[in-house]
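One structure is given below, encoded as structure tokens.
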Amino acid sequence: MTDRFVLRAWRDGVLTLTLNRPEVLNSCNRPMVDELRAAFAAAAEDDGIRAVLLTGAGRAFCAGQDLAEAVPGDGTPQPEIGDIVANYNALIRAMRSLEKPVVCAVNGVAAGAGANIALACDLVVAADSASFIQAFAKIGLVPDNGGTFFLPRLVGHARATSLTMLGDRVSAAQAVEWGMIYRVVPAAELMTVAGALAADLATQPTLGLGLIKRALNASWANDLDRQLDVEEELQREAGRTADYVEGVRAFQEKRKPRFVGR
């Protein structure tokens, strides 16, 4: 079945996913979250996909949960908010467990769930016109989509507290300064820069990048002693890959490596 709310395009090892509800600033409803989760699951199973690029259609990246779905005004029974969050949780787990690099191109506002979906990506590039807003407290809710996990680790406890309790808008420039995201670029250059980044990552040692991601994920819960063990385990695994052999040979032969993702 063709996706309606998440457009997929594949080229040169990069799967581009575009949130496609521009008439509502790409706000999330259950079908869109389901489609996005399915796309990440498919990327995990496809060896031809070596990087993912996520962005939004129109003038916003994602304005968060579609409140028309969460609190319908047409007599439709109101869904349990916990069920909505559970669906988001499955998406974030699929994103973080994907052992391939995920680049996010934030083309406009990223609010609520949208902000935290962006932060769940590996490398976030934002247009200079973009902004990030933890809007949850404004309607009496708690940050979800991993916001209470990612934010303190990215910007520190004090800033995470102010952002989540006050709901202040953070510009792309401020987000870079605080270490929340990787890079900010002029809006007109966003897709060129983010696309080139994803394309470059798709030529790198995919298994090695996946192991790096696994190690970084593990570090959030480990002490130093356990993390040293993780590094040893994963280095043994990386050392058995074809790309490791190619990387060493290319270095010795003073040429550019030709990684194949294995």
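Would you tally the net charge around ILE212, using a Cβ to Cβ cut-off of less than 12 Å, leaving ILE212 out, and scoring K and R as +1, D and E as -1?
Residues near ILE212 contribute -1 overall.
Quick one: Karplus J couplings for segment 226-240, per residue in order, coefficients 6.51, -1.76, 1.60, θ = phi - 60°, nearest Hz, x for Gly and Pro?
Karplus values, whole Hz, x for Gly and Pro: 5, 5, 4, 5, 4, 4, 5, 4, 6, 5, 4, 5, 4, x, 9.
So what's the net charge close to PHE132: Lys and Arg +1, Asp and Glu -1, counting the other residues with Cβ under 10 Å from its Cβ?
0
For mean projected area of the Cα convex hull in nm², pick the label among [x] 12.6; [y] 15.5; [z] 25.2 that corresponds to the value derived from the coordinates.
Matching the structure shown: [y].
Whole angstrom only: what separates the Cα centroid of segment 1-30 from the Cα centroid of segment 76-151?
So the separation of the two Cα centres works out to 15 Å.
In whole Å, what is the distance between the alpha-carbon centres of segment 221-260 and segment 171-187?
When both Cα centres are located, 30 Å separates them.
Setting aside same-chain residues fewer than 8 positions from LYS256, which lysines have a Cα under 22 Å from its Cα?
Answer for LYS256, where 22 Å is the Cα cut-off: LYS100, listed by chain and number.
What aspartates and glutamates sit close enough to LYS254 to cross-link, taking a C-alpha to C-alpha distance under 13 Å and skipping anything fewer than 8 places away on the same chain?
Partners within reach: GLU246.
Where Lys and Arg each count +1 and Asp and Glu each count -1, what net charge lies around MET95 among other residues with Cβ under 10 Å from its Cβ?
Local net charge: +2.
Bear in mind that the values in this text are calculations on the coordinates, not laboratory data. Only a predicted model underlies this, so the values are computations on that prediction, with no experimental measurement involved. Glycine gets a Cβ as well: all are built from the backbone with ideal geometry, and neighbour counts include every protein chain shown.
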